[in-house]
Amino acid sequence: MAVKNKAQRIVMTETDMNPEALKKAGNVLRNGGLVAFPTETVYGLGGNALDPEASKKIYAAKGRPSDNPLIVHIADISKLSVIVREVPEKAKVLAERFWPGPLTMIFPKSVIVPKETTGGLDSVAVRYPSDRIAQVLIKEAGGYVAAPSANTSGRPSPTTADHVEEDLGETIDMIIDGGPVGIGLESTIVDFTEEIPVVLRPGYISLEMLKEVLGEVRMDPGLLITDAKIRPKAPGMKYRHYAPKAEMIIVEGNQMEVVQAMNRLSEEYRKSGRLVGIIAAEETKMSYHSGIVKCIGSRRNEETIAQHLYEVLREFDKCEADIILSEAFYTPQMGQAIMNRLLKAAGHKIIKAQEVLG
């Protein structure tokens, strides 16, 4: 039996980078290899965006459907004009406000971008990350790095290098370990191939924030309903994403009723011999009487919920939970993004607490 090579892992921080290691990683990318690296959102799995064979390697490593587009990462705004045919004025305004940062924009692609990178589409998704390690690596790699999240397709996205190693350690060349990421949810995606900008994936930059800058912006209906007939224009629109191995159910309603309903459901599942996991807020974690309770963060600091969401889902895999019950998190700024990820993880299984309580 052939022994698989393990990815080389190099530790550094934004304030204490390793220039030689980043140069080496850049060369790996230039030569068609794959390198996982940190961004401010989640860890990305990088390949040369202009090399169709590198993009094929990304899909193979992740087990990702080939019609699910990859995001091209740049680290210099002047690089944008090379890979897109047109940049609308509204997109320029948004870039000035939110780039570098957790924002991806979709444009008509230029001929230089292979369709292996865009999932067969004539459009290309582009992001300019704010993480300094990512920026240096992208420049060392030639300026264009295709990078979906560095996890096995469908699994919770990686927010630490350990998560990357767990999923892809034997299928890629290098892992740049920059420590835990800052935001913990993937970038907001806005499509500029239509007259009115369309949000294809909510993220840290909310719909309200976009409207403040652009005026009219709409949400894509595909965010609300998973339709197998929809061809995805952005990562994660069509396929089950972020999913733990266990069945997952979200319970919504007022806080007191949600706790009561989840306690009742947990006890019923326990009696039937199932190991129950519970995703709770800091404010309610002590209110649950059975099951494995994991705190996702505080409702008073919604960024902590985003930061810990994928980590908690992965922890339940290690616990070998049979079913996971989660509170709903309709928080003010990031609630849309958090609930988008939770609903996809749960396969859109959501019940109202009042229905459980009768």
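The values are calculated or read from the model by the stated rules, or taken from the named source; none is laboratory data. Nothing here was measured: the structure is a model prediction, and the numbers come from that model. FYI the Cβ positions are ideal-geometry reconstructions off the backbone, even for glycines, and counts take in every protein chain you see. The protein model used for the area step is the full one, side chains on, heavy atoms only, and it has no ligands, DNA or RNA in it. Shrake-Rupley method; radii C 1.70, N 1.55, O 1.52, S 1.80 Å.
Considering only residues of the stretch 252-278 that are part of a helix (DSSP H, G or I) and either at positive phi or polar (S, T, N, Q) (or both), which is surrounded by the most Cβ atoms within 10 Å (Cβ to Cβ)? Top of the filtered list is S266.
Restricting attention to the stretch 31-71, the residues that are touching an Asp or Glu at 6+ places or on another chain (Cβ under 7 Å) and within 21 Å of F107 (Cβ to Cβ) add up to 4.
Just one residue in the set A281, A353 is within 25 Å of E40 (Cβ to Cβ), open to solvent by less than 60 Å² (accessible area, probe 1.4 Å) and either out of contact with any Pro (no Cβ under 9 Å at 6 or more places or on another chain) or at pLDDT below 95 (or both); that residue is A281.
The numbered conditions (1) hydrophobic (A, V, I, L, M, F, W, C); (2) part of a loop (DSSP other than H, G, I, E, B); (3) touching a residue at least 60 places away in the same chain (Cβ under 8 Å) are all true for I189 except (2). The residue that is farthest from E53 (Cα to Cα), among those in the stretch 103-130 that are among the polar types (S, T, N, Q) and outside any loop (DSSP other than H, G, I, E, B), is T104. Taking first residues from the stretch 133-144 that are over 13 Å from A21 (Cα atoms) and partners that are open to solvent by 30 Å² or more (accessible area, probe 1.4 Å), the Cβ contacts under 6 Å between residues at least 6 apart in sequence or on separate chains come to G142/R30; G143/K79; Y144/L50. State all residues of the stretch 173-210 that are closer than 23 Å to V35 by Cα, more than 17 Å from the chain's Cα centre (by Cα) and open to solvent by less than 10 Å² (accessible area, probe 1.4 Å); if no residue qualifies, say none. Answer for the stretch 173-210, where residues must be closer than 23 Å to V35 by Cα, more than 17 Å from the chain's Cα centre (by Cα) and open to solvent by less than 10 Å² (accessible area, probe 1.4 Å): M174, I175, I176. Entry remark, the stretch 126-171: residues being β-branched (V, I, T) and more than 16 Å from the chain's Cα centre (by Cα) number 5 in total. So, of the residues in the stretch 80-96 that are open to solvent by less than 70 Å² (accessible area, probe 1.4 Å) and not in a helix (DSSP H, G or I), which turns out to be nearest to P38 (Cα to Cα)? Residue satisfying both the conditions and the ranking: V84. Residues in the stretch 61-79 that are closer than 23 Å to V213 by Cβ, in contact with a helix residue (DSSP H, G or I) (Cβ under 8 Å, 6 or more places away or on another chain) and surrounded by 15 or more Cβ atoms within 10 Å (Cβ to Cβ): V72, H73, I74, A75.
The condition of being farther than 28 Å from M334 by Cα, among the hydroxyl-bearing types (S, T, Y) and within 20 Å of the chain's Cα centre (by Cα) holds for only one of T104, T117, that being T117. If I filter the stretch 310-317 for residues that are outside any loop (DSSP other than H, G, I, E, B), surrounded by fewer than 18 Cβ atoms within 10 Å (Cβ to Cβ) and among the acidic types (D, E), do I get at least one hit? Yes, the stretch 310-317 contains a residue that is outside any loop (DSSP other than H, G, I, E, B), surrounded by fewer than 18 Cβ atoms within 10 Å (Cβ to Cβ) and among the acidic types (D, E).
Checked against (1) farther than 25 Å from T304 by Cβ; (2) part of a loop (DSSP other than H, G, I, E, B), P100 passes all but condition (1). Hey, does the stretch 30-48 have a residue that's touching a strand residue (DSSP E or B) at 6+ places or on another chain (Cβ under 8 Å), more than 26 Å from I189 (Cα to Cα), touching a residue at least 40 places away in the same chain (Cβ under 8 Å) and open to solvent by less than 50 Å² (accessible area, probe 1.4 Å)? Yes. Once the stretch 1-27 is narrowed to residues that are within 24 Å of the chain's Cα centre (by Cα) and in a helix (DSSP H, G or I), the residue that is nearest to G169 (Cα to Cα) is A25.
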